[in-house]
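For reference, the structure discussed in these notes is given below.
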Amino acid sequence: MNLPATSVAWNSVSHCFNSNYDGGMALVRILVDGYSLLHSWPELAAGRARHSAAARDELVSVLTQYQDSLGTPVTIFFDGSGARPHSKHDSPGHIEVLFSGAGRTADDLIERATHRFQAYGEVLVVTDDRAEQDIVIGLGGQVASCGNFLQMLGAELNELAADLKHHNRTEQHRYRHAVKRTIAK
């Protein structure tokens with residue numbers, strides 16, 4: 001699996017702000033303020049406008065890898081209207097992307113989703129919007145700043161890459177031994 005080119009910058013992310021999430025609980029869903037995360041992650045889709053379809057697609061791609069690795073559903077919220085990004089990573093458990101549409105904001109949708117998902121378990125909201133963080137905490141949700149989330153994301157994707165590398169080495173070793181046994185017969 002190829003990690004995004006931005007993976008080299010995982011350890012350089014140090015701009016952590018408010019967070020009441022310690023990573024120690026099982027989550028029912030992760031709700032991401034898409035533009036907040038894009039603005040906090042200039043290395044992703046470098047050279048692209050933060051509100052561009054290309055930047056959104058890149059974010060969806062990386063968060064799909066994260067969702068697949070972690071096993072926790074992720075929903076990304078964007079202000080405005082738009083089409084679902086064209087992800088190459090669509091799967092039966094594809095990532096959910098929602099646009100607020102006219103007269104609403106992504107924050108409105110995040111608050112509503114936080115309230116609704118609370119009945120099923122812990123919800124984590126990723127945003128650098130301090131007012132939104134306070135509202136989510138008031139609703140009983142957990143929050144992570146974009147900086148904290150990027151560190152969690154990087155750690156998970158790096159662990160996935162290491163696991164895949166170990167698995168591939170093990171399989172190569174098994175294959176070589178199987179070939180040697182076949183030739184020896």
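Taking neighbour Cβ counts within 10 Å as the exposure measure, how do V136, V62 sort from fewest upward? Don't skip to the answer; put the middle values down first.
Details: V136 24, V62 21.
In order of increasing Cβ crowding within 10 Å: V62, V136.
Evaluate the distance, in nm, between pseudo-label points positioned 7 Å from the Cα of R176 and of T105 along their respective Cα→Cβ axes.
In this crude spin-label approximation the distance works out to 5.8 nm.
Please give the length that would be gained between I183 and D134 if that part of the chain were fully extended, namely 0.36 nm times their separation in residues minus their C-alpha to C-alpha distance (nm, one decimal).
Values: separation 49, 0.36 × 49 = 17.64 nm, distance 6.66 nm.
This chain segment gains 11.0 nm when fully extended.
Each value in this text was obtained by applying a stated rule to the coordinates, not by laboratory testing. Here the structure is a predicted model, which means the values were calculated and not measured. Every residue, glycine as well, gets a Cβ built from its backbone with ideal geometry; the counts of neighbours run over all protein chains shown.
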